[in-house]
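As structure tokens, the structure follows; a few thoughts come after it.
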Amino acid sequence: MILLPHGEKVKSRQMKAWVEDRLMEMGCVRDTCLVAVGGGEILDLVGFVAATYCRGVPYVTFPTTLLAMTDAAIGGKTGIDIPGTKNLVGAFYPPRQVTIDTTVLQSLPEEELVSGLAETIKHALIASAPLFVFLEENLDAILGRENGTLLELVKKSVVIKKAIVEGDPYEKDQRRWLNLGHTIGHAIESLTTLRHGEAVALGLYWEGRLAVEMGLCSREVFERIASLLRRVPFALDLEISIDDLLERIQLDKKRMGEVTYFVGLKKIGEVEVIPLPEEVLRRCFAPSSQMIT
Ligand SMILES: NC(=O)c1ccc[n+]([C@@H]2O[C@H](COP(=O)([O-])OP(=O)(O)OC[C@H]3O[C@@H](n4cnc5c(N)ncnc54)[C@H](O)[C@@H]3O)[C@@H](O)[C@H]2O)c1
Ligand SMILES: [Zn+2]
């Protein structure tokens, strides 16, 4: 067994090399199967080690956070961060099996549970109005960690992500829908110490407002989303300027070509990938210490 520390530093070149050295010392060769137990960071790292060790060995995963169960463990993306950017180096390398036991969520710190919840809200917004209603009706039981409800939530969320990634394994088309909330969310994440899911929650809110401003989505739909987000205890004590935000979004643009795209919400369960109109964002983005108002 190899024990890894927690925190984003796990997903580093150094840690990948360190794990490879341990595997070599343990005499692991091509018949090895790696078993990754942990949150998304461990899964991303171990999956990437598996992708290149001995030119690829099989691996299985036991995700232990809500985010890892509903998102990181599904879809075969593995990778590490390099200084200044996230997930730049990696591989599409799916595990042979994913085993989920939601009872492990009982020990998860609340902020991590809540962070995972943002991605399940995102799945509902992309593809499932019924999941959104389930979230509205069962949010208290979810936050109270009623295991039956958590299991139901994870199952519904996994079905959505699985269908999307199976239809587009290499992110050419509908897999890009999964970036809902992430164009602004990633920029916020890189400017703050927020967890990924917390930044995505803010991204969902501000991209939703942008969609209303563009006439893509009705104010009523947006209000329904905002009311659900307000009920989740996300850590939102921060202030960000629109100039900083746009600068970070531009950095992403450099990586992705001339036009920055974002996922525009049309209604609950329906989205469309469209260019991000920076001037509209500048007009509607009104930062305050309470970012979800
Ligand atoms: N590969 C993908 O498709 C994909 C998708 C989404 C996110 N990610 C990546 O996932 C990472 C975030 O993953 P995460 O949110 O699971 O965070 P994480 O892996 O950092 O885990 C969060 C914290 O919870 C602790 N923890 C884990 N399980 C626990 C449990 N059952 N009880 C108590 N504590 C527990 C961990 O030690 C850690 O301190 C990011 O690096 C992100 O880039 C990858
Ligand atoms: Zn995400």
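Quick notes
- When restricted to residues that are under 19 Å from G56 (Cβ atoms) and open to solvent by less than 40 Å² (accessible area, probe 1.4 Å), the range 18-41 contains 6.
- Residue match in the range 83-93 (condition: within 16 Å of ligand 2 (Cβ to nearest atom), open to solvent by 30 Å² or more (accessible area, probe 1.4 Å), outside any loop (DSSP other than H, G, I, E, B) and among the hydrophobic types (A, V, I, L, M, F, W, C)): yes
- Looking only at residues of the range 9-44 that are part of a helix (DSSP H, G or I) and near ligand 1 (Cβ under 9 Å from one of its atoms), we find that the one that is farthest from the chain's Cα centre (by Cα) is V10.
- Within the range 131-152, the set of residues being in contact (Cβ under 8 Å) with a residue 40 or more places away in the chain and either in a helix (DSSP H, G or I) or not assigned by TED's automatic domain parsing to the domain that holds R175 (or both) comprises F132, L135, E136, L139, L143, N147, L150, L151.
- Options L139, L113; residue that is within 16 Å of ligand 2 (Cβ to nearest atom), farther than 26 Å from D173 by Cα and out of contact with any Cys (no Cβ under 9 Å at 6 or more places or on another chain): L113
- Any hit, the range 65-80, residues being open to solvent by 40 Å² or more (accessible area, probe 1.4 Å) and either away from ligand 2 (no atom under 16 Å from the Cβ) or in contact with a Gly (Cβ under 6 Å, 6 or more places away or on another chain) (or both): no
- Meets criteria (in a helix (DSSP H, G or I), surrounded by fewer than 21 Cβ atoms within 10 Å (Cβ to Cβ) and assigned by TED's automatic domain parsing to the domain that holds P277) for R175: yes
The values are calculated or read from the model by the stated rules, or taken from the named source; none is laboratory data. Just so we're clear, the structure is a prediction, and the values are computed from it rather than from any experiment. FYI the Cβ positions are ideal-geometry reconstructions off the backbone, even for glycines, and counts take in every protein chain you see. SASA here: full protein model, heavy atoms, side chains in, ligands and nucleic acids out. Shrake-Rupley method; radii C 1.70, N 1.55, O 1.52, S 1.80 Å.
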